[in-house]
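Undergrad: Starting off with a structure, shown below.
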Amino acid sequence: MLHSQYYLIRALACAGLVCSLWRLAPADDASKNGAKTAKEMKPYKVNISQTEVSFEMVPIPGGTFTMGSPESEKGRSADEGPTHRVKIEPFWMGKYEVTWD
């Protein structure tokens, strides 16, 4: 996993936006559904050979965001700063939660 993707997931998890993850992969894996560029990335389904298991993957667009909380934010913890810009490359994420039981 790319270092910047870890921060995006951590930021989304802190915001309560991530239910669960199965697999993350950089946009280089776009070729799995014929995509040559990030704009061509489309959702796809992969079947696990010799099983009835399949996973639906969805593209997550890249971009930049400001990570961290400003010092003036009420209730801010010491580990929420300093604020800094983070760039995320497009990547794939599992559409549904996967249990390990």
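Just so it is clear, none of the values below were taken in a lab; they were calculated from the coordinates. Here the structure is a predicted model, which means the values were calculated and not measured. As a convention, Cβ positions derive from the backbone with ideal geometry for all residues, glycine included, and neighbour counts pool all protein chains shown.
Undergrad: Using a Cα-Cα cut-off of under 17 Å, which lysines could be cross-linked to Lys39, ignoring same-chain neighbours fewer than 8 residues away?
TA: List returned: Lys87.
Undergrad: If packing is taken as the mean number of other Cβ atoms within 10 Å per residue, what is the order of 81-91, 48-58, highest first?
TA: Working: 81-91: 14.5, 48-58: 10.6.
Per-residue Cβ counts within 10 Å, averaged per peptide and sorted highest first, yield 81-91, 48-58.
Undergrad: Stretch Tyr96-Thr83 to full length: gain in nm at 0.36 nm per residue minus the Cα-Cα span?
TA: Difference between extended and current length: 1.6 nm.
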